[in-house]
Structure formats: C-alpha cells, structure tokens
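Visitor: Sharing a structure below in structure tokens format, with a few things to ask.
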Amino acid sequence: MSGHRPLAVAIVGAGPAGAFTAAELWRHGSECSIDLIDRLPTPWGLLRGGVAPDHGEIKSLERHFESETFARGARFFGNVEVGRDICHADLAARYDAIVYAIGAQADRRLGLPGEDLPGSVAARSFVGWYNGHPDFAELGPDLSHQTAVVIGNGNVAADVARILVRDVDELASTEISDLALSALRLSQIRRVILLGRRGPAQAAFTSSELRQLGGLLGVTPIVEPRDLELDIASEQWLAESGTFTAHSNMELLREYASRATTAGDGKRIEFRFFGSPVGLHGSDRVEAIEVRRNRLVRRADGRIGSVAVEGETELIPCGLVLRSVGYRPTSVPGVPFDEVEAVIPNERGRVIDHGRPMLGTYVVGWSKRGSIGILGTNKRDARETVTCLIEDHRGGRLLSPTRRDDDITALLSGTRVVTGSGWRTIDRAERSLGAASERPRVKLSTLDDLLAAAAV
Ligand SMILES: Cc1cc2nc3c(=O)[nH]c(=O)nc-3n(C[C@H](O)[C@H](O)[C@H](O)COP(=O)(O)OP(=O)(O)OC[C@H]3O[C@@H](n4cnc5c(N)ncnc54)[C@H](O)[C@@H]3O)c2cc1C
Ligand SMILES: NC(=O)c1ccc[n+]([C@@H]2O[C@H](COP(=O)([O-])OP(=O)(O)OC[C@H]3O[C@@H](n4cnc5c(N)ncnc54)[C@H](OP(=O)(O)O)[C@@H]3O)[C@@H](O)[C@H]2O)c1
C-alpha cells in the first residue's frame with residue numbers, strides 16, 4: 001500500500017462481511033489501520049446471532065474472524081450504533097474510507113391481513129431470540145399450541161422449523177440461549193408445516209439443511225407424493241436449468257415421501273408446496289392461516305412463478321406463524337438507500353449517490369446485495385469492494401479527513417463503548433459458564449448483562 005501514513009478505514013458492522021473486508025484490506029499490505037464499529041457489544045453479526053446453535057462447526061469460524069481482525073490490530077468499538085451514537089459525517093471527518101457492512105436489520109413484509117397479530121412472528125426475531133441476541137430477549141414466543149406454520153422454503157425456514165421440533169436434550173449441549181432452551185422444554189408444538197409458494201423443485205433449501213430435517217430424532221418428515229409429480233413447466237425447467245441442489249432436493253423429498261408415516265403423537269414436519277398465505281385469522285391472536293392453492297407458470301424470463309388457482313383456499317388452524325421470507329437491509333442517515341431494491345445503491349461496492357460514486361464510501365455483504373448468500377459469499381464480495389477501495393486510494397479518490405488526528409473515542413464519551421478487550425472479557429465469561437455444563441458457551445443475552453461483563 002502506498003503513502004506515508006497508514007490508510008485509516010472505518011468498517012461499520014463487525015459481521016462476516018466486515019471481518020472479511022478487514023482480512024482483504026490486510027491482504028493488500030500492512031499499512032492500514034482498521035476500526036470495526038458495531039451496534040452490539042459483540043462482533044460477528046449473524047455468525048453469532050443468526051447461524052443455528054446446533055451448527056457448531058460453522059460457529060467456529062469466529063476463531064478465523066478473530067485472527068483476521070483483532071489479533072492483527074483492528075480496534076473494536078462495540079455498542080456503538082452509526083446513526084445514533086455517531087454519524088456518517090463524524091466518520092468522514094476522521095477516516096480515509098468508510099465501509100458499510102451493516103447487513104439486513106429488518107424483515108421483508110408479506111402485506112397480509114393479520115400479519116401483525118400476536119402469534120405471527122418474523123423468523124428474524126425468532127432466530128435472534130434462540131441465539132441470545134439482546135434485541136430479542138423479550139420475544140417470548142407462544143409455544144403452547146400444537147401446530148406452527150413456517151412461511152417460506154429457504155434455509156432460514158429450515159433452521160427455525162428444526163429448532164421448533166429438535167430434541168431439547170440435544171439442543172441443551174449447544175450455545176442456544178438459556179431463555180429459548182427453557183421455553184422449548186415446555187413447548188407443545190408437535191407439528192410444523194413448511195409452506196412453499198412454489199413447488200419442490202424450486203425450494204431454496206440447500207440439500208444439507210433439507211437432509212437434516214429428515215434425520216431428526218423422533219420427528220417424521222411428511223411429503224405428499226402427489227406434490228412431487230412435476231407439471232410440464234417444472235419438468236422442463238428442472239431438465240434445462242435445474243441446479244445440482246434442485247435435483248438432490250427432489251431425491252431427498254422423494255425419499256421422505258416414501259417413508260412410512262408412524263401413527264401416534266410423534267413430532268412431524270410437513271412440507272406443503274404450491275401454497276401462498278392470503279391472511280392470518282384470529283380474534284386477538286393467530287388462530288389460523290388461510291392458504292391459497294397455486295399452480296406454476298413459466299415466465300418470459302424463463303423463471304418459474306406461481307399463480308393462484310381460483311377458488312382453492314384452505315384454513316389451517318395454528319397458534320404460531322413464523323414468517324421466513326427474507327431479511328431486509330436498511331441504511332443509516334447520510335447514506336443513500338434504494339427502497340425498491342432494498343440495498344445501499346452501489347457499483348461493485350462503491351456507494352452511489354445521485355448517480356455518482358460517493359467519495360470514500362463503500363458497502364459490502366447483505367447491505368450491498370440484499371439478504372442472499374452464505375458466509376463464504378461475503379468473502380468474494382469483500383474482495384470486490386476492497387479492490388475498488390484500493391483502486392480509489394491509488395487514484396487519490398478517497399476522503400480528505402479534516403480531523404484525521406482526532407480519535408472517535410472522544411466523540412463517544414457518552415456511550416459505553418465495548419473495546420476489543422471488553423469483548424474478550426465477555427467471550428471468556430460466556431465460555432467459562434459453558435465449560436461448567438459442557439457447552440461451547442452460555443450466552444449473555446441482555447444488553448445489561450453484556451455491558452456488565454465487558455466492564456469487569
Ligand atoms: C438465520 C440465519 C442463519 C444462517 N446460517 C448460515 C449458515 O449456517 N451457514 C452460512 O454459510 N451462512 C448462514 N447464513 C448467512 C450468513 O449469516 C450471512 O451471509 C452473513 O451473516 C451476512 O453478513 P453481513 O456481515 O453482511 O451481515 P450481518 O451478519 O447481519 O452483520 C451486520 C453487522 O452490522 C451491525 N450493524 C447493523 N447496523 C449497524 C449500525 N447502524 N451501526 C453499527 N453496526 C451496525 C450488526 O450488529 C451486525 O453485527 C445465515 C443467515 C441467517 C439469517
Ligand atoms: N445453513 C446455511 O447455509 C444457511 C442457513 C440459513 C440461511 N442461509 C442463507 O441466508 C440467505 C437467506 O435465507 P432465507 O431463507 O431468509 O432466504 P431465501 O433463501 O431467499 O428464501 C426465502 C423463501 O421465502 C419465500 N418467499 C419470499 N417471498 C414470499 C412471499 N411473499 N410469500 C411466500 N413465500 C415467499 C421464497 O420463495 P420463492 O423462491 O418463491 O421466492 C423462498 O422460499 C440464503 O442465501 C440462505 O442460503 C444459509
């Protein structure tokens with residue numbers, strides 16, 4: 001990296017995209033000072049607060065992130081929200097470049113009547129609750145009914161369905177939040193319906209997630225064989241453009257359909273395809289979901305879409321509806337946002353404002369692409385954004401900070417900032433609580449507990 005002083009970069013959001021961005025910056029040379037700013041007292045975003053607690057091997061990626069960031073000298077400013085505690089202009093006056101890696105902090109809405117009835121919960125909230133995210137400690141989902149419906153056929157839907165019915169003693173050895181563990185021990189949910197608006201060949205599950213749903217202790221996967229009889233449009237689409245995943249998902253679903261269904265009161269996950277929700281019903285909480293039957297059509301762009309079959313609706317009684325149709329990015333004041341695409345507008349990671357690149361301002365991860373992609377996708381994405389940043393550095397097109405020598409610490413005197421050492425203290429406290437019960441960690445799940453632990 002050229003220049004006489006280190007390039008000063010603020011990365012807003014210490015999730016996977018932020019961590020991969022730090023690693024990419026260092027790949028270009030060592031003359032770089034990096035501050036990672038996060039609204040939570042803990043880093044790693046959805047790796048900590050999204051990835052399911054029973055996916056322990058994936059959670060261990062945090063060690064890699066640690067070694068690529070704080071171990072290499074990046075500073076952590078936790079419990080600092082850009083847009084609340086500090087603003088874009090404050091950062092622009094102090095850094096050569098700012099990279100927004102703020103993920104997707106809201107939910108896609110369905111626009112259905114009854115969507116906000118108690119008992120209708122966004123998967124994002126439910127996931128945050130079982131992962132000990134402090135924003136969702138109070139969620140208290142009602143698990144006192146037998147049937148839950150999960151809207152959506154993506155990997156998040158698979159995660160929440162699995163957590164609802166997985167053997168609680170198995171979950172007890174993971175880092176699931178204690179609040180969720182206690183609630184799941186008392187749960188009455190026996191039947192989870194996974195509702196897909198299109199067909200089995202279009203389901204967005206990856207095969208490993210779908211396979212896990214068929215191997216849960218005491219849980220029967222139920223698939224109607226007639227749902228697997230593909231119509232001509234799907235048959236053609238699968239043959240011409242079906243991915244390896246689509247083919248192997250079909251195989252798995254065929255195998256589930258062929259399993260003998262055990263009678264009795266065992267738990268079950270029912271896959272329902274070709275069904276769109278049209279409304280949630282109940283006097284003061286969810287009592288049923290109304291689902292319309294769809295058929296598939298091949299659109300002009302080759303994509304398979306769904307249209308309603310006139311007059312075919314069904315009312316499914318249920319006490320919990322989890323809406324799992326995607327997370328929605330948001331922005332911060334002073335940084336543009338495209339409301340239609342729901343992303344921070346950008347070209348290869350350069351933030352675009354009124355048609356022109358915004359000097360020294362970049363975006364990466366889910367806030368750049370929308371809520372699409374696994375952890376590794378953010379690594380490639382960070383490479384693209386950092387390549388642009390370095391090109392701009394070499395071309396003299398970064399910010400010209402007027403208060404370069406002022407540390408942001410002075411601006412944050414009214415905020416209880418959690419530093420890298422504060423985070424390490426939280427981490428040690430959680431791991432030592434976990435060691436006592438042979439769990440990877442016991443999460444501190446409220447802001448007060450996290451801040452108190454960081455201050456020790
Ligand atoms: C439920 C779920 C499970 C998943 N499981 C897997 C899995 O098993 N395997 C896999 O490969 N992928 C998984 N993924 C996908 C993976 O988590 C994402 O690809 C990845 O987390 C996106 O990274 P990101 O950094 O863009 O966003 P995030 O992970 O959301 O990180 C954004 C960070 O920005 C911070 N932030 C937001 N706003 C501000 C602000 N104004 N100021 C300061 N900080 C802010 C947030 O606190 C957060 O830490 C899962 C996703 C979900 C939703
Ligand atoms: N283990 C893992 O690797 C893992 C775990 C969790 C998440 N992730 C990743 O994180 C990303 C986000 O996952 P996600 O599950 O939130 O999103 P997703 O994969 O995009 O799935 C969203 C689902 O919601 C459906 N949907 C959207 N709008 C709808 C509507 N109006 N009515 C009914 N259904 C609707 C979609 O159906 P259509 O297809 O018809 O649009 C799709 O089935 C994905 O890339 C995923 O792979 C990975």
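The values are calculated or read from the model by the stated rules, or taken from the named source; none is laboratory data. Computed from a prediction, not measured in an experiment: that's the story for all the values here. Backbone-built Cβ (ideal geometry, glycine too); neighbour counts: all protein chains shown. Remember, those area values only see protein heavy atoms, side chains included, never the ligands or the DNA or RNA. Shrake-Rupley method; radii C 1.70, N 1.55, O 1.52, S 1.80 Å.
Visitor: Return yes or no: is Arg226 part of a strand (DSSP E or B), open to solvent by 60 Å² or more (accessible area, probe 1.4 Å) and more than 29 Å from Leu171 (Cβ to Cβ)?
Guide: The answer is no for Arg226.
Visitor: Among the residues of segment 349-369, write down those that are part of a loop (DSSP other than H, G, I, E, B) and open to solvent by 10 Å² or more (accessible area, probe 1.4 Å).
Guide: Across segment 349-369, the qualifying residues are His354, Gly355.
Visitor: Please state which one of Leu320, Leu315 is away from ligand 1 (no atom under 16 Å from the Cβ) and in contact (Cβ under 8 Å) with a residue 40 or more places away in the chain.
Guide: Selected residue: Leu320, the only one of Leu320, Leu315 that is away from ligand 1 (no atom under 16 Å from the Cβ) and in contact (Cβ under 8 Å) with a residue 40 or more places away in the chain.
Visitor: Ok, one more. Tell me which residues, restricted to segment 128-158, are in contact (Cβ under 8 Å) with a residue 12 or more places away in the chain, touching a Gly at 6+ places or on another chain (Cβ under 6 Å) and not in a loop (DSSP other than H, G, I, E, B).
Guide: Gly128
Visitor: So, restricting to helices (runs of 4 or more DSSP H) that lie completely within segment 1-72, which ones have at least 1 residues that are touching an Asp or Glu at 6+ places or on another chain (Cβ under 8 Å) and away from ligand 2 (no atom under 16 Å from the Cβ)?
Guide: 16-27
Visitor: Restricting the first residue to segment 229-243 and requiring it to be at pLDDT below 85, which pairs with a second residue that is β-branched (Val, Ile, Thr) meet a Cβ separation below 7 Å and a spacing of at least six or different chains?
Guide: Note: pairs meeting the criteria are Ala233/Val297; Ala233/Ile304; Ser234/Ile304; Trp237/Ile304.
Visitor: Another one. Could you identify the single residue in Phe65, Phe77 that is closer than 30 Å to Glu31 by Cβ, within 9 Å of ligand 1 (Cβ to nearest atom), buried (at least 21 other Cβ atoms within 10 Å of the Cβ) and not assigned by TED's automatic domain parsing to the domain that holds Ser276?
Guide: Phe77
Visitor: Right, another one. Is it the case, given these coordinates, that Tyr327 is within 16 Å of ligand 2 (Cβ to nearest atom), open to solvent by less than 50 Å² (accessible area, probe 1.4 Å) and touching a residue at least 60 places away in the same chain (Cβ under 8 Å)?
Guide: Yes: the conditions hold for Tyr327.
Visitor: May I ask you to list the residues in segment 88-124 that are outside any loop (DSSP other than H, G, I, E, B), surrounded by fewer than 18 Cβ atoms within 10 Å (Cβ to Cβ) and away from ligand 1 (no atom under 11 Å from the Cβ)?
Guide: The one that is outside any loop (DSSP other than H, G, I, E, B), surrounded by fewer than 18 Cβ atoms within 10 Å (Cβ to Cβ) and away from ligand 1 (no atom under 11 Å from the Cβ): Ala89.
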